[in-house]
Amino acid sequence: MFWVPLLAGVGLGGATVALMVLGGVLNQRGTWATTMVAIASFYVVFAIQSGDTLEIIVHTGLAAGFAALAIIGARTSSWILAAALLAHGIFDVIVGSVIANPAPGWWGPFCLGVDVVLAIALATMLWRGRTLD
């Protein structure tokens, strides 16, 4: 059950980048920061669905940490945004072995696929010397 959600996530990540291009927002820091915040907030939604207060608190704190990285990245260095996306992908893989994971079993591989594609897309742009507005 790992490969299908992973490939679906890769596909959605690619589609997200394509839509950013079509929408003319690929080069905007705010786009990438908002995307990072949205990605991190899904675990809060799953925690709320579980009804476990401690999970809600823990995952809200973790989402706030990723949101802080998004804000710092938007204000200082786009590399922080790329690193935060990659870090969230790693988080997706290890979350269940470190703390309670309220997400469905397929979510980790799916979100990993999205996160890594977005991180690679942003890092590639930055390596090529493109700056974000």
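With respect to the conditions (1) closer than 20 Å to LEU7 by Cα; (2) in contact with a Gly (Cβ under 9 Å, 6 or more places away or on another chain); (3) not aromatic (Phe, Trp, Tyr), ALA87 falls short on a single one, namely (2). Evaluated against (1) within 15 Å of the chain's Cα centre (by Cα); (2) more than 23 Å from VAL4 (Cβ to Cβ); (3) without any contact (Cβ under 8 Å) to a residue 60 or more places away in the chain, VAL98 falls short on exactly one condition, (1). Taken over the stretch 100-133, the residue count meeting the criterion of being among the aromatic types (Phe, Trp, Tyr) and either surrounded by fewer than 16 Cβ atoms within 10 Å (Cβ to Cβ) or touching a Ser or Thr at 6+ places or on another chain (Cβ under 6 Å) (or both) is 2. Within the bounds of the stretch 49-56, is there any residue that is surrounded by 14 or more Cβ atoms within 10 Å (Cβ to Cβ), under 22 Å from LEU6 (Cα atoms) and free of Cβ contacts under 8 Å to residues at least 40 places away in the same chain? No, that holds for no residue. Screening the candidates LEU69, LEU26 for the property of being at pLDDT 95 or above, in contact with a helix residue (DSSP H, G or I) (Cβ under 7 Å, 6 or more places away or on another chain) and over 26 Å from LEU7 (Cβ atoms) yields one hit, LEU69.
The values are calculated or read from the model by the stated rules, or taken from the named source; none is laboratory data. Fair warning: this is a prediction, and the values are worked out from it, not measured in the lab. Quick reminder, even Gly has a Cβ in these numbers, built from the backbone with ideal geometry, and neighbours come from all protein chains shown.
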